[in-house]
Amino acid sequence: MRCEELDLPDQARKLLINSGITELFPPQVEAIRAGALKGRNLLLASPTASGKTLIAEICAVKHILENDGKVLYLSPLRALANEKYEEFKKYEALVKSDGGRIRVGISTGDYDSSDPWLGRYDIIVTTNEKCDSLLRHRSPWIDEITLIVADEIHLLNDLDRGPTLEIVLTRLRQVNPDAQLLALSATVSNAEDIAEWLNAIPITMNWRPVKLREGVLMGTEIQFKDGGSIKIKRRIAHPAINLALHAIQQGGQVLIFASTRRNAVNLAKKAAPKIGELLSKAAKRSLEKLANEILAANERTRISDLLADLVRNGVAFHHAGLSPSHRRIIEDAFRDGRIKALTATPTLAFGVNLPARMVIISDYRRYEPGYGYYPISVLEYKQMVGRAGRPRYDEVGESVLIAKTEEERDYLFASFVLAKPERIWSKLGVERILRSHVLATVASEFAHSERGIYDFFGRTLYAYQYDLRAIKGLIAKILKFLYREEMISVDGDEIRATRFGRRVSQLYIDPLSAIIIRDGLLKRAPRISEISFLHMIAHTPDMYPKIRCSHKEIDRISLFLVEHRDELMFEEPDEWADSIAYEEFLGELKTALVLKAWIDERSEDEIIEKFGVEPGDLYRLISTSDWLLYATQELASLLGQRDLLPRIAELRERVAKGVKTELIPLVRLEGIGRVRARIMFNAGFRTLEDLRKASIEELSRLPSIGMRIAKRIKEQVGGTFSKEEWRRISKAKDAEQQALTEYYE
């Protein structure tokens, strides 16, 4: 089927053709024939890069241009949401019936907002969690949605993300029963099952734009599923690196999956010298610029130094411990072909789209504390191998597992290469997960009685797969808990949320977290300090990532506990009666100490060295802490604890910026982070008035400031500068630009 045959307005067809899309892929043709452009609900399961997103795009355009509709695109991750947002932006060239152009919006943060401004947009991209919070706030524009696109629908099977996606889809179908639904995935083995729940037509195809060859390496021979085999030259003893060298010499790129962060880093370190030998001088010059970009992107740490050194050899690692800016640089450099080998943890397989000629799975087992090693799921394996083959660049993509013996090779073929992915099952029926959604159902007035609550949950995938009776007792238990903790009130058959319960639901925190915060604020520690609040939020189930206290740290953290016990809102568990709970408590205290080091302006490198917390973990810890301190501030106000509000507000700002109190006025300036603020403060520029009086020359001479930053500072604080100063600034900027150009050339 050709693009010109699509039942779309002329301007939409022209845009597609001008962007290089002239003919549809087989899965796209099947979706069109099944009624995608006629408003039918579809579940489209086909491999990565087979064109699922295009179906969502053309359906969105049709809804907007022909029916004045509104489109909601759900993504499981912020990074993916940003990717999809950029893909949809090209449709802003199209003109609607009212004469205006299509508008694309995105919202992935701030869970305590109804985001009414999103109502002005035609295509709205959100994460599943953000959509859940919008539904809790009863955002009025949600009623106008005519098309819902749920990406990565197989994540219904994920214990952490699945229940939120399930609730969001159930709620959206309750609010907008006539809206069209498109569910997209690379892998759904029980597609008919999920499609029936969604009242959708299942379309499953294995067609890929790049042929996939799955195989197993033993020794120096890869045996493939299709019966073929390849002999590779033995250049190095390590099989994964040997494979990588083979693929790179053939002109390809390699993605190597490792089971842990440490393994990913170690693989990159071992591979770098060998891969570096294969690079041309021109490639090395380009990679040197990339390494400098990495060093300049963030506060310099041993991790950024290591990453830059590896990048100089065309190698990088990718895991959740990297800072967001470093991840973006690495991803872009891999896409444009500069990085030849990328070692990664399996989370990348469920994240951004980074295809490679060859995917190598160096370890098919995972380690889980308390359980030991266990094999990965077939679903996880299929997600990884789906990254093999770059459309428009490769005719064939190869994925390879590594075996040491013939018996292991046979096992890998049987258990992964030839196996089918596991069925998707709802993960909603867990009390920890369910209690927040039960409260939200009442607080957002989607149900007003116990029967209404059961009716809503009776529409979920869990009820479809297991029967509502399997979850009814758990819901009743949660309702009793919410009543006991004064989050809901009962009057006859009517159930209502209290002010406390409604605010907890809007704040998008676990009811148990709210109870911990409430009890901490009301009981209070004998001596209130920063540690009091930091440990209190670390004590909540919403604190993520959880930081473990290693055995070598136990004595040090225990001593801190003894010395600061009177600052804690909660008593520690008995060390001898419950050693596991005691160690968890120490982990919470360690989390508080990491945050304390951050607001005391310890460098990232010091925090890595002392606590073993990497930049990406620190970034997420800061983000989560900011959210929980905001919730603490809101609940303190609700509970009448007004004397604590200034302290919590100041602490929240310090956590967000990583500074001592004295730097708060300076870091509020745009472009001024903790490092520049400290440089200015130590140089005597301690207030906004000091900056207002300072000349641009004075400020520009400070380390890491320069003319451009100095000018921005003066513009913000309201200082003035003469025409002569402006000429000098312009001249200095031109000189800076010329120097940079000469350096890179």
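Restricting region 329-360 to residues that are of a type in the set (Asp, Glu) and in a helix (DSSP H, G or I), which is surrounded by the fewest Cβ atoms within 10 Å (Cβ to Cβ)? Of everything passing the filter in region 329-360, Asp332 is surrounded by the fewest Cβ atoms within 10 Å (Cβ to Cβ). The criterion of being touching a Gly at 6+ places or on another chain (Cβ under 8 Å), surrounded by fewer than 19 Cβ atoms within 10 Å (Cβ to Cβ), small (Gly, Ala, Ser) and not in a loop (DSSP other than H, G, I, E, B) holds for Ala470. Looking only at residues in region 434-467 that are charged (D, E, K, R) and part of a helix (DSSP H, G or I), the one that is surrounded by the most Cβ atoms within 10 Å (Cβ to Cβ) is Arg435.
Hey, Ala649 hits all of (1) of a type outside the set (S, T, N, Q); (2) within 37 Å of the chain's Cα centre (by Cα); (3) modelled with pLDDT under 95 but one; which does it fall short on? Tallying (1) of a type outside the set (S, T, N, Q); (2) within 37 Å of the chain's Cα centre (by Cα); (3) modelled with pLDDT under 95, Ala649 fails exactly one: (3).
Let's see how each residue does on (1) touching a helix residue (DSSP H, G or I) at 6+ places or on another chain (Cβ under 6 Å); (2) closer than 22 Å to Ser97 by Cβ; (3) among the hydrophobic types (A, V, I, L, M, F, W, C); (4) assigned by TED's automatic domain parsing to the domain that holds Arg161:
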{"position": "Val29", "(1), (2), (3), (4)": "no, no, yes, yes"}
{"position": "Ile32", "(1), (2), (3), (4)": "no, no, yes, yes"}
{"position": "Ser46", "(1), (2), (3), (4)": "yes, no, no, yes"}
{"position": "Ile58", "(1), (2), (3), (4)": "no, yes, yes, yes"}
{"position": "Ile64", "(1), (2), (3), (4)": "no, yes, yes, yes"}
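Considering Phe570, Phe533, the condition of being under 25 Å from Leu645 (Cβ atoms), of a type in the set (Phe, Trp, Tyr) and in contact (Cβ under 8 Å) with a residue 60 or more places away in the chain is satisfied by Phe533 alone. Within region 182-213, the residues that satisfy the criterion of being touching a helix residue (DSSP H, G or I) at 6+ places or on another chain (Cβ under 6 Å) and under 13 Å from Asn41 (Cβ atoms) are Leu182, Ala183, Leu184, Trp197, Pro202, Ile203. Within region 230-268, being within 14 Å of Val400 (Cα to Cα) and basic (Lys, Arg) holds for one residue alone: Lys231. Per the listing Phe681, Phe685, the residue uniquely in a loop (DSSP other than H, G, I, E, B) and buried (at least 18 other Cβ atoms within 10 Å of the Cβ) is Phe685. One residue stands out among those in region 523-546 that are under 16 Å from Ser513 (Cα atoms) and of a type in the set (Gly, Ala, Ser): the one that is farthest from the chain's Cα centre (by Cα), which is Ser532. Could you list, in sequence order, all residues of region 382-399 that are under 27 Å from the mean Cα position of the chain (by Cα) and among the aliphatic types (A, V, I, L, M)? Those that are under 27 Å from the mean Cα position of the chain (by Cα) and among the aliphatic types (A, V, I, L, M): Met384, Val385, Ala388. Residues of region 290-327 that are among the charged types (D, E, K, R), under 25 Å from Ile547 (Cβ atoms) and in a helix (DSSP H, G or I): Arg302, Asp305, Arg327.
The rows are residues; the columns are (1) part of a helix (DSSP H, G or I); (2) free of Cβ contacts under 8 Å to residues at least 60 places away in the same chain; (3) within 30 Å of His319 (Cα to Cα); (4) in the same structural domain as His319 (by TED's automatic domain parsing).
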site: Asp617; (1), (2), (3), (4): yes, no, yes, no
site: Ile622; (1), (2), (3), (4): yes, yes, yes, no
site: Thr632; (1), (2), (3), (4): yes, no, no, no
site: Leu645; (1), (2), (3), (4): yes, yes, no, no
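Taken as a whole, the condition of being touching a strand residue (DSSP E or B) at 6+ places or on another chain (Cβ under 8 Å), of a type in the set (S, T, N, Q) and buried (at least 16 other Cβ atoms within 10 Å of the Cβ) applies to Thr498. One residue alone among Leu595, Leu559, Leu568 is farther than 18 Å from Trp627 by Cβ, outside the structural domain of Tyr111 (by TED's automatic domain parsing) and crowded, with 18+ Cβ neighbours inside 10 Å, and that residue is Leu568.
Flag: Leu255 matches the condition of being assigned by TED's automatic domain parsing to the domain that holds Asp332 and modelled with pLDDT of 95 or more. Among the conditions (1) charged (D, E, K, R); (2) outside any helix (DSSP H, G or I); (3) within 32 Å of the chain's Cα centre (by Cα), the only one that Glu486 does not satisfy is (3).
Entry remark, region 30-88: residues being closer than 30 Å to Glu398 by Cβ and β-branched (Val, Ile, Thr) number 3 in total. Residues that are in contact with a His (Cβ under 9 Å, 6 or more places away or on another chain) and assigned to a helix (DSSP H, G or I) occur in region 600-615; there is at least one. Of the residues making up region 361-390, those that are surrounded by 15 or more Cβ atoms within 10 Å (Cβ to Cβ) and at pLDDT below 85 number 1. Being touching a residue at least 40 places away in the same chain (Cβ under 8 Å), crowded, with 16+ Cβ neighbours inside 10 Å and within 15 Å of Leu342 (Cα to Cα) holds for only one residue in Ala195, Ala268, Ala186, and it is Ala268.
The values are calculated or read from the model by the stated rules, or taken from the named source; none is laboratory data. Quantities reported herein were computed from a predicted structural model and do not represent experimental measurements. Neighbour counts are summed over all protein chains in view; Cβ atoms, including those assigned to glycine, are modelled from backbone coordinates with ideal geometry.
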